[in-house]
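Working notes, structure below.
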Amino acid sequence: MSIWEYANPRKFLRTSERVMPALWVSSALLMAVGLVWGFFFTPDDFRQGSTVKIIFLHVPAALMAINAWFMMLVASLIWVIRRHHVSALAARAAAPVGIVMTLIALATGAIWGQPMWGTWWAWDPRLTSFLVLFLFYLGYIALWEAIDDPDTAADLTAILCLVGTVFAVLSRYAVNFWNQGLHQGASLSLDKKENVADAFSNPLYICMIGFGLFFIAMVFYRTGTEIRARRIKALLARERQGESA
Amino acid sequence: MVVPFSVGPESDLLARISPGVLWLGALLSCLLSLDRLLALDWEDGSLDLLATAPLPLEAVVSIKALAHWITTGLPLVLAAPLLGVLLNLPPEGYIWVVISLLLGTPALSVIGTFGAALTVGLKRGGLLLSLLVMPLYVPTLIFGAEAARRGALGMGVETPLLMLAGISAAVIALMPFASAAVLRINLR
Amino acid sequence: MTLNVSNLRIARGGIPVLDGISFALKPGQALILRGPNGIGKTTLLRSIAGLQPPLAGTVTGGEDQIAYAAHSDGLKPALTVAENLSFWASVFGTRSIEAALEAYNLTALRNRPAGALSAGQKRRLGLSRMLVTGRAIWVMDEPTVSLDQASVALFATAVRHHLAAQGSALIATHIDLGLDAAVWMSAPIRPNRWGWVILTGRSCESALGAGSGPGSAGGWGFWPGTGVFPDCHRGGAVFCWA
């Protein structure tokens with residue numbers, strides 16, 4: 001028994017299909033519990049009022065946006081080193097989920113920021129980093145779509161992911177440096193973690209786990225779709241060859 | 001430089017934004033010329049032949065990046081003082097703008113060559129190239145423009161300049177391997 | 001240096017197009033590839049030149065020995081004939097370009113920009129590049145396209161000289177280069193399991209004319225039924241080697 005046996009598409013499909021219902025149900029349950037608990041059964045913040053409750057969407061989405069990229073990085077590495085197709089397809093499958101998470105984080109951040117900071121957008125280091133992350137996702141997905149040959153696309157996007165990771169980390173530091181340089185002691189930046197009181201933390205953790213399971217289920221589901229699409233392509237190619245022979 | 005036409009001729013405003021504008025100009029001029037950097041050689045078959053030549057592809061892409069820098073980065077470095085006059089750059093800023101461009105534009109060329117190598121096989125790679133390269137340019141642009149800006153304001157420039165030089169040195173040393181790798185994949 | 005190709009399997013666009021290709025190319029020999037379009041000649045040449053890694057099999061003996069000429073010549077229109085050639089001479093670290101210009105009758109055109117050449121002249125310039133590489137194994141893809149009779153003769157002469165100097169050549173072409181009988185070799189017919197015929201020597205010519213061969217198109221190793229050679233059933237691909 002080794003983890004590499006899931007590199008076999010058939011084995012991957014069989015196993016992922018077995019665990020997916022459980023994943024869907026538990027993630028839906030956790031998200032529902034977490035969000036309902038968070039929205040209706042936590043006290044309003046004395047400073048921020050009820051707007052603070054968007055945190056239950058914002059923080060898990062932001063967390064998963066970064067973790068999705070991290071997962072793509074690992075999957076890309078596995079593809080580059082061990083050439084397992086499932087791994088490349090999983091990286092491809094995770095990207096759209098990741099970009100949606102990034103968008104949710106950005107949108108909820110803007111909605112939160114509007115009443116709190118009086119502006120939809122500020123060039124706060126965190127926000128800026130997420131914008132850069134969004135661009136990385138966009139480029140990665142566009143590159144996948146632009147290349148016809150599946151192996152070439154997998155190779156190129158994998159290298160883009162590796163190089164992009166280095167530059168994303170670098171951007172994070174650059175952005176931090178740049179903004180502190182602009183406004184000393186960046187007054188708009190809230191360190192969210194420290195502001196979270198105990199009353200908020202439990203539903204927040206539940207939401208985070210729910211989002212995580214949801215992400216895993218999505219990736220399993222989409223990877224399965226990609227595997228099937230690849231198989232259909234191979235079958236069609238075979239049919240065309242049969243006709244012309 | 002059409003910036004004064006779009007933001008107005010007030011000298012205070014121009015003085016404040018001129019270092020950033022010069023850096024933006026460097027980035028755009030770099031970006032504009034990238035999509036022909038390797039595409040021409042791809043179309044006329046030279047890349048196939050170069051890939052089978054004794055010269056390693058890493059060297060080929062490094063030389064390509066150098067050629068790109070000499071034709072886009074270097075002229076901008078040399079023209080920066082003149083453009084600075086037009087943009088009302090504060091006198092203390094000249095030297096730092098030139099130094100930051102000199103240190104930073106090679107990184108722009110090398111990173112751009114990676115983007116060009118990624119998209120070389122695509123029919124309409126231009127837009128995708130910009131999309132891919134833009135986020136990779138963020139750190140260089142931030143540190144470069146920051147060094148120039150601080151220089152113009154008479155503040156300390158050591159940290160951003162060191163970071164900028166570090167980025168340049170690192171990408172010049174490492175990026176050719178990535179560029180050559182993606183080029184090999186594209187040539188298969 | 002003998003080029004050994006054994007059990008090469010190559011894919012294009014994720015689908016295997018060639019399998020079980022084996023041959024040995026000794027100094028002084030030329031191997032001519034013929035076959036209908038899309039049969040995988042270019043793919044095979046690119047793989048042997050090292051541009052495309054094979055799925056399986058090995059190519060040995062070609063390290064730093066192969067000079068590759070593709071469909072396109074890789075000429076820079078703004079540079080003159082001599083400048084184009086000097087560039088490649090310096091890339092390969094070799095001597096003068098005069099002999100190469102001479103061999104393809106380009107001396108008179110040496111200061112003409114490559115962009116101002118006719119298609120045939122460009123091709124000749126592209127072919128003369130092989131001479132400045134100073135490498136022993138020429139791998140050439142359709143070298144005679146857009147050449148007139150006289151230029152084909154120049155090319156055949158160049159190949160003959162190359163073979164006489166213990167070089168070897170692997171050429172995909174539709175034209176009979178009229179290589180000397182001394183260059184041709186004879187060996188038994190070896191059809192492989194996909195109906196490919198690897199023929200050698202004189203038997204080549206007759207097989208190409210007859211258009212028939214063993215039609216035992218089987219299945220693919222790992223994509224059963226993909227049978228990528230539609231013409232196999234009709235005895236299509238003929239690998240001719242001389």
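Residues in the range A:204-234 that are β-branched (Val, Ile, Thr) and under 9 Å from A:ALA93 (Cβ atoms) were compared, and the one that is surrounded by the fewest Cβ atoms within 10 Å (Cβ to Cβ) is A:THR225.
Put simply, of A:GLY139, A:GLY109 the only residue that is in contact (Cβ under 8 Å) with a residue 12 or more places away in the chain, small (Gly, Ala, Ser) and more than 15 Å from B:VAL138 (Cβ to Cβ) is A:GLY109.
Within the range B:30-53, how many residues turn out to be under 22 Å from B:LEU141 (Cα atoms) and surrounded by 17 or more Cβ atoms within 10 Å (Cβ to Cβ)? Looking only at that region, the number is 5. The set of residues in the range B:21-47 being polar (S, T, N, Q) and either within 14 Å of chain C (Cβ to nearest Cβ) or over 30 Å from B:LEU89 (Cβ atoms) (or both) consists of B:SER46 alone. Comparison of B:ALA169, B:ALA180, B:ALA145 shows that the only residue that is more than 9 Å from chain A (Cβ to nearest Cβ), over 25 Å from A:TRP144 (Cβ atoms) and either part of a helix (DSSP H, G or I) or at pLDDT 90 or above (or both) is B:ALA169. How about the range C:54-75: which of its residues are assigned to a strand (DSSP E or B) and surrounded by fewer than 18 Cβ atoms within 10 Å (Cβ to Cβ)? Correct list: C:ALA56, C:GLY57, C:THR58, C:THR60. Look at (1) within 14 Å of chain B (Cβ to nearest Cβ); (2) modelled with pLDDT under 90 and you find that A:ARG240 fails only one, number (1).
Conditions (1) within 30 Å of A:GLY139 (Cβ to Cβ); (2) under 15 Å from the mean Cα position of the chain (by Cα), marked per residue:
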| site | (1), (2) |
| --- | --- |
| B:ALA39 | yes, no |
| B:GLU43 | yes, no |
| B:VAL60 | yes, no |
| B:TRP69 | yes, yes |
| B:PRO75 | yes, yes |
| B:GLY93 | no, no |
| B:VAL110 | yes, yes |
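When C:LEU163, C:LEU127 are screened for being assigned to a helix (DSSP H, G or I), buried (at least 21 other Cβ atoms within 10 Å of the Cβ), modelled with pLDDT under 85 and in contact with a strand residue (DSSP E or B) (Cβ under 8 Å, 6 or more places away or on another chain), only C:LEU163 passes. Here B:LEU161, B:LEU89, B:LEU129 are screened, and the one residue that is more than 10 Å from chain A (Cβ to nearest Cβ), within 18 Å of the chain's Cα centre (by Cα), surrounded by 21 or more Cβ atoms within 10 Å (Cβ to Cβ) and at negative phi is B:LEU161.
Residues in the range C:20-54 that are of a type in the set (Val, Ile, Thr) and out of contact with any Cys (no Cβ under 7 Å at 6 or more places or on another chain) were compared, and the one that is modelled with the lowest pLDDT is C:ILE39.
For the range A:142-158, a tally of residues being surrounded by 21 or more Cβ atoms within 10 Å (Cβ to Cβ) and either in contact (Cβ under 8 Å) with a residue 40 or more places away in the chain or more than 9 Å from chain B (Cβ to nearest Cβ) (or both) returns 4.
Applying the condition of being crowded, with 23+ Cβ neighbours inside 10 Å and within 7 Å of chain A (Cβ to nearest Cβ) to the range B:132-142 and asking which residue is nearest to A:GLY164 (Cα to Cα) yields B:LEU136.
Yes/no per residue for (1) β-branched (Val, Ile, Thr); (2) not in a helix (DSSP H, G or I):
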position	(1), (2)
B:GLU58	no, no
B:HIS68	no, no
B:THR72	yes, no
B:LEU82	no, no
B:LEU102	no, no
B:PHE114	no, no
B:GLY121	no, yes
B:LEU129	no, no
B:VAL133	yes, no
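Answer yes if at least one residue in the range A:76-92 is in contact with a Leu (Cβ under 7 Å, 6 or more places away or on another chain), buried (at least 19 other Cβ atoms within 10 Å of the Cβ) and either modelled with pLDDT under 85 or in a helix (DSSP H, G or I) (or both), and no otherwise. Looking for residues that are in contact with a Leu (Cβ under 7 Å, 6 or more places away or on another chain), buried (at least 19 other Cβ atoms within 10 Å of the Cβ) and either modelled with pLDDT under 85 or in a helix (DSSP H, G or I) (or both), one finds at least one in the range A:76-92, hence yes. Restricted to the range B:1-32, and to residues there that are out of contact with any helix residue (DSSP H, G or I) (no Cβ under 6 Å at 6 or more places or on another chain) and of a type in the set (S, T, N, Q), the residue that is farthest from B:ILE111 (Cα to Cα) is B:SER11.
Checked against (1) within 14 Å of another protein chain (Cβ to nearest Cβ); (2) over 17 Å from C:GLY50 (Cα atoms); (3) not polar (S, T, N, Q), B:LEU55 meets all criteria but (2). Under the condition of being under 14 Å from A:ILE55 (Cβ atoms), among the β-branched types (Val, Ile, Thr) and either at pLDDT below 80 or out of contact with any helix residue (DSSP H, G or I) (no Cβ under 7 Å at 6 or more places or on another chain) (or both), the residues counted in the range A:193-237 number 1. Looking at C:ALA100, C:ALA78 in this structure, which one is of a type in the set (A, V, I, L, M) and either outside any loop (DSSP other than H, G, I, E, B) or closer than 28 Å to C:GLY50 by Cα (or both)? Every option except C:ALA100 fails the conditions.
If you go through the range C:78-100 and keep only what is over 18 Å from C:SER118 (Cβ atoms), more than 10 Å from chain B (Cβ to nearest Cβ) and of a type in the set (Gly, Ala, Ser), you end up with C:SER86, C:ALA89, C:SER96, C:ALA99, C:ALA100.
The values are calculated or read from the model by the stated rules, or taken from the named source; none is laboratory data. Just so it is clear, the structure is predicted and the values come from calculations on it, not from any experiment. In this analysis, Cβ positions are derived from the backbone assuming ideal geometry, glycine residues included, and neighbour counts consider all displayed protein chains.
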